[in-house]
1. With closer than 30 Å to Val146 by Cβ, surrounded by 19 or more Cβ atoms within 10 Å (Cβ to Cβ) and not basic (Lys, Arg) as the only criterion, which of Ile64, Ile115 stands out?
2. Can you run down the residue pairs with Cβ atoms below 6 Å, 6 or more apart or on separate chains, where the first is in segment 1-28 and farther than 18 Å from Tyr84 by Cβ and the partner is of a type outside the set (Asp, Glu) and surrounded by fewer than 14 Cβ atoms within 10 Å (Cβ to Cβ)?
3. If you check Leu120, Leu133, Leu153, Leu113, which single one turns out to be more than 27 Å from Ala29 (Cβ to Cβ), touching a residue at least 24 places away in the same chain (Cβ under 8 Å) and either among the charged types (D, E, K, R) or in a helix (DSSP H, G or I) (or both)?
4. Can you tell me which of Glu66, Glu41 is within 21 Å of Ile15 (Cα to Cα) and either modelled with pLDDT under 95 or part of a helix (DSSP H, G or I) (or both)?
5. Return yes or no: is Ile76 of a type in the set (Val, Ile, Thr) and free of Cβ contacts under 8 Å to residues at least 40 places away in the same chain?
6. If you check Glu102, Glu87, Glu130, which single one turns out to be in contact with a Lys or Arg (Cβ under 9 Å, 6 or more places away or on another chain), within 30 Å of Ser12 (Cβ to Cβ) and open to solvent by less than 50 Å² (accessible area, probe 1.4 Å)?
7. Is there a residue in segment 80-96 that is in contact with an Asp or Glu (Cβ under 9 Å, 6 or more places away or on another chain), without any contact (Cβ under 8 Å) to a residue 40 or more places away in the chain and part of a loop (DSSP other than H, G, I, E, B)?
Amino acid sequence: MANYVNHPKYGSEPIVSGNSYTKQEIDNAHWRYASLRYFPETATPAAIEKQSYCVYPRQLYVDIAEQCVDCHRAFIFFAKEQQYWFEELKFWIDAHAIKCFECRKKSRAINRLQISYANLIIKEHRTFEETQLLKSTAEQLFDLGVINKINKLNAIRKM
């Protein structure tokens, strides 16, 4: 079995559901399933009435083996995680995890930095603390490769 990226809540191995479905039942449970590598022993019934934004709802959720588009490591998009996404968070039913948990967490952190930077850079009158936060945020974004022009970073450093 592949060595999957650990998810802090669901682990790094498929979660056996105790339910039994045929390959055909699983493949028919959502249009995407037939083209994916999934673990049939993890199939869990879905609450279709809790799903939003769907023409073709998921009848079942199943642990799916994926490869992260950022770090290229194998990870599992867990049935329980899908159930949470689609029934609790009300994500669009055709949404699909393309990044492992660690890379998704990193992306969210970068997004928060970018929002902070954008809010600070447009501010006409910054306090000393806000200016220091802007410099720190710009440095972090530069280190992450989001800001890639040293002249831009140097101009912020001089503020």
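1. Ile64
2. Asp27/Ala34
3. On inspection, the qualifying residue turns out to be Leu113.
4. Selected residue: Glu41, the only one of Glu66, Glu41 that is within 21 Å of Ile15 (Cα to Cα) and either modelled with pLDDT under 95 or part of a helix (DSSP H, G or I) (or both).
5. So Ile76 does not fit the description; no.
6. Glu87 is the lone residue from the list that is in contact with a Lys or Arg (Cβ under 9 Å, 6 or more places away or on another chain), within 30 Å of Ser12 (Cβ to Cβ) and open to solvent by less than 50 Å² (accessible area, probe 1.4 Å).
7. So far as segment 80-96 goes, no, none of its residues is in contact with an Asp or Glu (Cβ under 9 Å, 6 or more places away or on another chain), without any contact (Cβ under 8 Å) to a residue 40 or more places away in the chain and part of a loop (DSSP other than H, G, I, E, B).
The values are calculated or read from the model by the stated rules, or taken from the named source; none is laboratory data. Quantities reported herein were computed from a predicted structural model and do not represent experimental measurements. A quick note on method: Cβ atoms are made from the backbone with ideal geometry, for glycine too, and the neighbour counts reach across all protein chains shown. The protein model used for the area step is the full one, side chains on, heavy atoms only, and it has no ligands, DNA or RNA in it. Shrake-Rupley method; radii C 1.70, N 1.55, O 1.52, S 1.80 Å.
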